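Please read the structure below before turning to the comments.
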Amino acid sequence: MEAAIKEIRQAIGDDDAISTDPEDLKAHGYSEWSSTNIDGLPVAVAYPKSTMEVSKIAKICCKYRVPIIPFSGGSSLEGNFSAPYGGISVDFAYMDKILQFNPGDMDIVVQPSVSWMELNEELARRESGLFFPPDPGPTAKIGGMVGTNCSGTNAVRYGTMKDWVINLTVVLADGTIVKTKRRPRKSSAGYNLNSLFVGSEGTLGLVTEITLKLAVVPQEFSVAVVTFPSIRDAASAAAGVMRAGIQVAAMEIMDEVQMKVVNLSGLTSPRKWKEKPTLFFKFSGTKASVKENISMVSAIAKMHKGGDFEFAKDAKEQKLLWSARKESLWSMLALRKEGGEVWSTDVAVPFSRLADIIEVSKKEMDELGLFASILGHIGDGNFHESIMYDRTVEGEREKVERCVKNMVKRALDMEGTCTGEHGIGIGKKEALFMEVGPDTLGVMESIKSALDPHWIMNPGKIIDVPS
Ligand SMILES: Cc1cc2nc3c(=O)[nH]c(=O)nc-3n(C[C@H](O)[C@H](O)[C@H](O)COP(=O)(O)OP(=O)(O)OC[C@H]3O[C@@H](n4cnc5c(N)ncnc54)[C@H](O)[C@@H]3O)c2cc1C
């Protein structure tokens with residue numbers, strides 16, 4: 001690894017291109033919000049400035065068989081960028097430019113370290129009338145979003161990251177540079193390599209340029225919340241909205257605990273929300289369609305014992321309310337005491353089963369005496385548990401682990417998946433095996449071996465390294 005670091009420094013001709021500063025190593029191998037952390041850290045962090053430099057780094061790492069761990073925003077939650085085999089974290093911080101904007105074609109070419117929030121701010125500044133819909137953690141960047149095939153609150157209307165990627169430039173484990181497609185919105189030319197790299201968590205290559213589709217900013221927005229006597233009523237109302245084919249822009253569920261966490265965080269103060277199971281709605285479209293959707297959704301909510309809609313008063317409150325939802329994990333983290341940790345994880349089930357799985361999972365957590373909240377992208381059957389625990393109390397982490405395992409098993413029993421959007425990382429490898437079985441995992445292993453014969457790309461993630 002030392003020889004590789006020396007050679008990278010020489011090849012790039014810049015002393016700052018690679019760091020071994022202990023703080024830097026920690027920031028690239030450990031994460032406060034990740035449910036899984038390990039003892040090891042990367043031995044160095046490389047900061048390339050171009051695809052050519054990434055290729056040089058990969059060639060050198062391949063020569064010395066040194067692990068490469070791609071790193072963008074560092075907001076992933078399943079230990080996705082941890083470094084169980086040491087190696088070099090490749091941080092794209094200096095590759096943060098918009099390379100080409102084609103407003104007429106509604107697409108944009110960006111480098112991996114462009115953040116989705118800044119991208120949307122820039123599109124608004126340019127008065128393009130366009131935006132990029134996937135909305136994961138506020139600090140996520142496009143490279144990592146490709147890595148985890150993320151989604152977020154907008155997925156119920158706009159789909160997930162895979163639906164927005166047109167073309168990728170990828171540096172393979174041996175330094176070869178490939179492009180997956182060209183620029184049209186559709187193409188049937190050969191294997192769909194976009195789908196191979198999107199969601200591969202940096203285990204198949206380093207993504208250095210991304211061509212993204214953009215969507216038109218709707219004319220009108222409205223944000224509202226409605227409370228229900230029970231989480232089952234809320235989930236049933238959400239299923240009713242889906243079955244009625246109403247195009248909500250977003251539909252999120254938060255249980256009474258999570259609503260309390262939002263109030264305690266003060267994120268929307270002075271406004272306080274009822275601490276009851278709640279559905280958050282975002283409506284968008286033309287003025288007329290928003291009005292019509294609100295009235296249809298309100299009727300369905302009433303049928304499921306929902307209260308009155310409470311609307312955000314203005315654009316500022318809409319933003320506050322939505323950011324309270326987006327930052328709910330941080331609100332939970334802010335409530336920790338000394339020694340406290342939060343385990344945040346997700347599963348997804350066919351949405352008609354959502355009420356069942358939420359109810360049982362909540363009951364189990366209550367019985368174990370765990371402070372835990374439930375929230376989720378309910379229109380996609382995707383829900384999250386955030387469980388607070390004290391790592392200094394003997395057996396508490398094991399209790400949480402058991403709870404998460406049971407939730408995953410329940411989801412699989414309901415024909416669901418062990419993760420709707422956070423990915424496998426290091427934390428859910430066993431769950432992936434349970435979900436797909438040995439033959440499908442064998443196909444994944446063959447693909448991995450074909451593209452990365454020495455298993456140097458983010459080793460130990462998704463699939464165990466063969467002994
Ligand atoms: C408060 C909070 C809220 C969140 N809400 C959501 C949510 O609603 N929906 C959701 O989907 N997720 C959510 N997340 C999780 C997280 O934001 C997503 O997983 C996001 O896609 C990670 O992006 P990142 O840039 O931070 O990636 P990183 O954490 O840097 O990396 C993620 C993975 O991609 C790989 N990778 C990074 N860059 C590249 C690259 N250039 N080429 C190849 N591989 C690469 C890494 O090796 C790693 O395996 C949330 C996280 C937080 C902290």
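The values are calculated or read from the model by the stated rules, or taken from the named source; none is laboratory data. Everything quoted here is computed from the prediction, not taken from an experiment. Neighbour counts are summed over all protein chains in view; Cβ atoms, including those assigned to glycine, are modelled from backbone coordinates with ideal geometry. To get the accessible areas, we keep the full protein, side chains included, count just its heavy atoms, and leave off ligands, DNA and RNA. Shrake-Rupley method; radii C 1.70, N 1.55, O 1.52, S 1.80 Å.
Values for this structure:
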{"item": "Under 12 Å, Cβ to Cβ, from Lys313 - net charge with Lys/Arg +1 and Asp/Glu -1", "result": "0"}
{"item": "Charge context of Val360, other residues only, Cβ under 15 angstrom, K/R +1, D/E -1", "result": "0"}
{"item": "Neighbour cut-off at most 15 other Cβ (10 Å), DSSP loop, chymotrypsin sites (Phe, Trp or Tyr not before Pro), region 96-184", "result": "none"}
{"item": "Estimated Rh, the chain: Kirkwood, alpha-carbon pairs, angstrom", "result": "23.0 Å"}
{"item": "Crossing angle, helix 51-64 versus the chain [Cα axis fit, 0-90 degrees, rounded to tens]", "result": "60 degrees"}
{"item": "Difference of contour (0.36 nm per residue) and Cα-Cα distance, Leu335 to Met434", "result": "32.3 nm"}
{"item": "Contour minus Cα-Cα distance for Asp464 and Lys179 (0.36 nm per residue)", "result": "99.9 nm"}
{"item": "Accessible-area composition of the chain, carbon plus sulfur, in percent [1.4 Å probe]", "result": "53 percent"}
{"item": "Prolate/oblate/rounded call for region 220-324, Cα gyration tensor, a/c under 1.5 rounded", "result": "oblate"}
{"item": "Cα-only radius of gyration and Dmax that characterise region 92-232, units Å", "result": "16.1, 57"}
{"item": "Spatially proximal lysines relative to Lys405 (Cα-Cα < 20 Å; intrachain offsets below 8 disregarded)", "result": "Lys362, Lys363, Lys428, Lys429, Lys461"}
{"item": "Charge context of Gly379, other residues only, Cβ under 12 angstrom, K/R +1, D/E -1", "result": "+1"}
{"item": "Residues whose placed amide H lies under 5 Å from that of Leu99, excluding near-sequence neighbours", "result": "Val109, Val110, Gln111"}
{"item": "19 Å cut-off, amide nitrogen to a point 7 angstrom out along Lys49 Cα→Cβ, residues in region 62-93", "result": "90-93"}
{"item": "Cα gyration tensor shape of region 1-137, rounded if a/c is under 1.5, else prolate or oblate by comparing a/b with b/c", "result": "oblate"}
{"item": "Estimated inter-spin distance, Leu368 and Lys305, nm [label 7 Å along Cα→Cβ]", "result": "2.7 nm"}
{"item": "Residues Glu317 and Glu32, FRET efficiency given R0 of 35 Å [Cβ-Cβ distance, rounded to 0.05]", "result": "0.75"}
{"item": "Cα shape, region 330-413, gyration tensor, a/c 1.5 rule", "result": "prolate"}
{"item": "Leu370 accessible area, 1.4 Å probe, all protein chains in place, Å² to nearest 10", "result": "10 Å²"}
{"item": "Residue-by-residue Karplus 3J(HN,Hα) for region 105-118, coefficients 6.51, -1.76, 1.60, Hz, glycine and proline x", "result": "8, 6, 9, 8, 10, 10, 8, x, 8, 6, 7, 5, 6, 5"}
{"item": "Gained length - Arg243 relative to Gln10, 0.36 nm times residue gap less alpha-carbon distance", "result": "77.9 nm"}
{"item": "C-alpha center-to-center spacing [region 46-67, region 72-87] in angstrom", "result": "18 Å"}
{"item": "Residues of the chain: accessible area per residue with a 1.4 Å probe, Å²", "result": "43 Å²"}
{"item": "Theoretical FRET efficiency, 1/(1+(r/R0)^6), r = Cβ-Cβ of Ser352 and Asp21, R0 41 Å, to 0.05", "result": "0.20"}
